[in-house]
Amino acid sequence: MTVSAHASSIDLVETARRASARPSAFQGIDIPSYEDTINCMHCGLCLPHCPTFSLTQLERHSPRGRIRLIKSIADGQLDVTPAFAETMSFCLLCRACETACPAGVKYGELAEAARAQIETSGVLRSPRRSFVRWLFFRQIFPRPWALRLLGKATWLHLHLGRPLLRGTGLIRLLPKRLQRLEALTPAVAWRPGRALMREVNRPEGTPRARAGLLEGCLMDITFAQEQYDTMAVLRHSGCEVVMPRGQVCCGSLLGHCGDLEQARRQAKRNIEVFERAQIDALVINSAGCGSFLREYGHLLHGEPAWAERAARFAAKVRDVCEFLVELGPKPPSVPLAARITYHEACHLVHGQRVSGAPRQLLQMIPGLEWVELPEATWCCGSAGIYNITNTADSMKFLARKMDNIERVAPGIIATGNPGCMVQIRAGCEQRGLRARVAHPISLLREAYGLPPRD
């Protein structure tokens, strides 16, 4: 079937739907694409790749089943209900189904729009939930100073609260869910990543490229060393590294949780900031952030004043490993003697289709013994804030990942996403494994012989 014929068939189906069904329960501007729901052929090729379907074997927990539910609501056959909300929130948004889909259905966009509709409908609304979402999504994440304050509070807990809770045994008095959440608390540096580098960091000699670096939210407060490592490796590779002031969180967590309105506000802020910086590429060291930033064009496609600017911005986004390979990496010379494996972050391999570049860079490091991780692309269960909102299920996905890690017995587990690093470190602690969990960029910094941050 030609593209035009397929488009005509969609138009005919849409006309028939509108004529026969009651009005759709979807409202506003963030409506799931009806074209994508029709493009799903119900072939089932996504099912073996879906972690939630693998766990429950229920059709409603598969990409195919969720798409059918979205289409039924669009057709006016179903309403947005708490049961539909539960089905959508159980989804990890790992997007493995997109890689498997022969029809190219953009499931991630469908799911985010569906979650936005759930929030618009109010079926999950409660005073407590509304307050938590307002506090984190509207007050903390859009404000870097508030994020740093949260980081310092977390640092105090790790250095004062945790020793007290664990040393006295008081932690055993907490509910099991809180105990699991406490174990996931990431290590936090007192000084954020922003404090470790200048706004413009110049290389020796003539710059090969001007690379923008996203300050982000979690990367700035919990992975300050990795932020510094990214800057150091880019400078060593001949890049001028710019971290312009005024930027904010990319908005990915908001988008995944259905607050696309606030995500658009933050996207516009970042577009303005990096346009002024006149960068050649926006280099990202967090898979989740990179995937969402690449989708700014879709996020703002309905706003004429922003659509073209957002598309230009998104076209400059590069994962740091991808960018270094495109640039032409310098061979590292300092050996790192260890057995290493690589976990593929979902939003890097499925969201950005970047898989070979991290492996290429890691395999350039002398001294490393490479071993392939079974089911390397299977989600570890972190999935943004899934390990906070769906902790028990998250631990089931983590268990499968840790079983595979134990099979290959690595000394280093490399991965390019902060959430995955936190999750897998927690899994290593649970199982008593002494493996180091590291970002590829940190291993490169060491292999180049560059010093860590002061």
How big is segment 136-284 by the Kirkwood estimate over distinct Cα pairs, in Å?
17.0
Per-residue ³J(HN,Hα) for segment 162-170, Karplus 6.51 cos²θ - 1.76 cosθ + 1.60, θ = phi - 60°, Hz, x for Gly and Pro:
4, x, 5, 5, 7, x, 8, x, 4
Listed here are the pairs Lys268/Lys316; Lys152/Lys176; Lys106/Lys316; which of them are more than 18 Å apart at the Cα?
Lys152/Lys176; Lys106/Lys316
Once you have all Cα-Cα distances for segment 340-427, histogram them in 5 Å bins from zero and send the whole-percent values.
3, 15, 27, 25, 19, 8, 3, 1, 0
So who's got an amide H within less than 5 Å of the one on Val317, skipping anything under 5 residues away but keeping other chains? H placed 1.01 Å off N, in plane.
Leu282
Per-residue HN-Hα couplings for segment 64-75 [Karplus 6.51, -1.76, 1.60; θ = phi - 60°; Hz; x = Gly/Pro]
4, x, 5, 5, 4, 5, 4, 5, 5, 5, 4, 7
In Å, the C-alpha Rg and Dmax of segment 294-373 are 16.9, 54
Can you give the calculated 222 nm mean residue ellipticity of the chain, where each DSSP H run of n ≥ 4 adds -39,500 (n - 2.57) and the sum is split over every residue, rounded to the nearest 500 deg cm²/dmol?
-14500 deg cm²/dmol
If I histogram all Cα-Cα distances within the chain using bins 20 Å wide from 0, what percent of pairs lands in each bin?
24, 58, 18, 1
Going by average Cβ neighbours within 10 Å, how do the peptides 41-51, 205-215, 63-73 rank, with the highest at the top?
63-73, 205-215, 41-51
Distance between segment 331-403 and segment 125-155 - C-alpha centres, whole angstrom
29
Let me see the pair-distance distribution of segment 51-148: every alpha carbon pair, 5 Å bin width, integer percents in order.
2, 12, 19, 20, 16, 14, 9, 5, 2, 0
Enumerate the calculated ³J(HN,Hα) couplings along segment 224-236 in order (Karplus 6.51 cos²θ - 1.76 cosθ + 1.60, θ = phi - 60°), each rounded to whole Hz, writing x wherever the residue is Gly or Pro.
4, 5, 5, 4, 4, 4, 4, 4, 5, 5, 5, 5, 4
Under the definition of Cα pairs under 8 Å and six or more residues apart, what whole-number percent is the relative contact order of the chain?
14
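The numbers here are math on the coordinates, done by the rules we state, and not lab data. In this text the structure is predicted, and so the values were computed from the model without any measurement. Note that we place each Cβ from the backbone using ideal geometry, even for glycine, and neighbour counts take in every protein chain shown.
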